[in-house]
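A.B. asks: I'd like to ask you about the structure that follows.
Derivation of every value follows stated rules applied to the coordinates shown; laboratory data play no part. These figures come from a predicted structure and were not determined experimentally. For neighbour counting, all protein chains shown are included, and Cβ atoms are generated from backbone atoms with ideal geometry for every residue, glycine included.
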Amino acid sequence: MTANVEELVIGILGGTGDQGRGLAYRFARAGHRVIIGSRSLERAQSAAAELNQTLRDDSVDGMTNADTSVRADVVIAAIPWEGHADLLGSLAAELAGKIVIDCVNPLGFDAKGAYALPVAEGSAAQQAAAVLTASTVVAAFHHVSAKLLLDAEVNSVDLDVLVLGDDREATDLVQALATRIPGVRGVYAGRLRNAGQIEALTANLVSVNRRYKAHAGLRVTDI
């Protein structure tokens with residue numbers, strides 16, 4: 001892997017969804033090569049072409065999830081919670097030796113709104129670590145609004161990204177990567193075992209955003 005954060009090729013599994021496309025757009029806009037991954041090569045290439053049109057360059061590629069995992073230096077899992085373990089498990093060989101950033105929020109929705117779903121391993125990130133035993137899993141980017149990320153008129157996404165993991169070099173790298181998005185600060189927030197409450201907090205932010213018609217994020221004070 002390249003030692004310079006600015007030179008990292010970033011792969012995004014589930015890159016055709018709103019969150020994945022939003023992160024792809026922001027990192028490409030910051031100067032990174034980005035690969036959008038999908039089960040469908042056609043969907044991945046279509047999403048990449050759409051982003052390249054907005055960016056007015058060709059910094060985003062579309063590939064299958066497997067090829068994305070091989071070609072990228074760092075991989076972000078922005079996939080639906082349903083099938084999370086199965087998809088990551090199927091890519092264990094391709095993701096071996098890499099940092100995998102899990103931003104998946106296991107949430108349910110009913111008439112009362114969003115709520116956190118129980119996860120046997122404790123969190124989606126811990127589940128990822130359980131199936132990707134040869135990878136280094138870091139939890140981050142849970143609370144970033146996809147709408148803000150995708151809005152080309154938003155130049156600064158003003159929030160903190162909470163970063164959790166058990167490997168100091170990996171969490172330092174992900175914190176630095178977060179700051180590549182203007183307005184964003186990466187904040188270390190503990191070991192991976194604490195990822196459950198970070199993921200669950202997304203349900204509270206959904207409630208905030210619905211009540212106030214906002215796209216709220218988080219800021220940590222006094223640091």
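A.B. asks: If the chain between Asp167 and Tyr115 were fully stretched, how many nm would it gain, using 0.36 nm times the residue separation less the Cα-Cα distance?
C.D. replies: 15.8 nm
A.B. asks: So, one more: Search the structure for amide H atoms under 5 Å from the amide H of Leu107, placed 1.01 Å from N in the peptide plane, and list their residues when 5 or more places away or on another chain.
C.D. replies: When sequence neighbours closer than 5 places are left aside, the close amide H contacts are Leu117.
A.B. asks: Using a Cα-Cα cut-off of under 13 Å, which aspartates and glutamates could be cross-linked to Lys147, ignoring same-chain neighbours fewer than 8 residues away?
C.D. replies: Leaving aside aspartates and glutamates fewer than 8 places away in the same chain, those within reach of Lys147 are Asp18.
A.B. asks: Provide the per-residue ³J(HN,Hα) series for region 92-109, in order, calculated from phi with Karplus coefficients 6.51, -1.76, 1.60 and θ = phi - 60°, each as a whole number of Hz, with x at glycine and proline positions.
C.D. replies: My calculation for region 92-109 gives 4, 5, 5, 8, 4, x, 10, 7, 10, 9, 9, 10, 7, 10, x, 10, x, 9 Hz in order.
A.B. asks: If you average the sequence gap of Cα pairs under 8 Å that are 6 or more apart and divide by the length of region 5-212, what percent do you get for the contact order?
C.D. replies: It rounds to 19 percent for region 5-212.
A.B. asks: Which label belongs to the value computed from this structure, given these candidates for Kirkwood radius over Cα pairs in Å: [x] 17.2; [y] 18.6; [z] 18.0?
C.D. replies: Of the labelled values, this structure produces [x].
A.B. asks: Then there's this: How far apart, in nm, are the 7 Å Cα→Cβ label points at Arg56 and Thr221?
C.D. replies: For the pair Arg56/Thr221, the computed spacing is 4.1 nm.
A.B. asks: Apply the Karplus parameterisation 6.51 cos²θ - 1.76 cosθ + 1.60, with θ equal to phi minus 60°, to every residue of region 18-24 and state each ³J(HN,Hα) to the nearest whole Hz, in sequence, with x for glycine and proline.
C.D. replies: Taking θ as phi minus 60°, the curve returns 4, 5, x, 5, x, 5, 4 Hz for region 18-24.
A.B. asks: Please work out how much length the chain gains when fully extended from Ala93 to Ala176, using 0.36 nm per residue of separation minus the C-alpha to C-alpha distance, in nm with one decimal.
C.D. replies: Stretched fully, the Ala93-Ala176 segment lengthens by 27.3 nm.
A.B. asks: To the nearest 500 deg cm²/dmol, what mean residue ellipticity at 222 nm is calculated for the chain from DSSP H runs of n ≥ 4 alone, each contributing -39,500 (n - 2.57), summed and divided by the residues?
C.D. replies: -11500 deg cm²/dmol
A.B. asks: Still on this model: Quick one: putting +1 on the C-beta of Lys and Arg, -1 on the C-beta of Asp and Glu, what dipole do you get for the chain around its Cα centre, in Debye to the nearest 20?
C.D. replies: In debye, rounded to 20, the chain gives about 560.
A.B. asks: Using +1 at the Cβ of each Lys and Arg and -1 at the Cβ of each Asp and Glu in the chain, identify which of Ala72, Ala216, Ala125 lies farthest towards the dipole's positive end.
C.D. replies: Of the candidates, Ala216 comes out farthest on the positive side.
A.B. asks: DSSP loop trypsin sites (Lys or Arg not before Pro) in region 144-214 with at most 10 other Cβ atoms within 10 Å of their Cβ, which ones?
C.D. replies: Lys213
A.B. asks: On to the next question. Which of Asn105, Asn194, Asn209 moves most in a GNM of the chain, Cα contacts under 10 Å?
C.D. replies: Asn209
A.B. asks: Another question about this same structure. Tell me the trypsin sites (Lys or Arg not before Pro) within region 69-131 that lie in a loop according to DSSP and have at most 16 other beta-carbon atoms within 10 Å.
C.D. replies: Here the trypsin sites (Lys or Arg not before Pro) that fit, given the DSSP loop and packing criteria, are Lys112.
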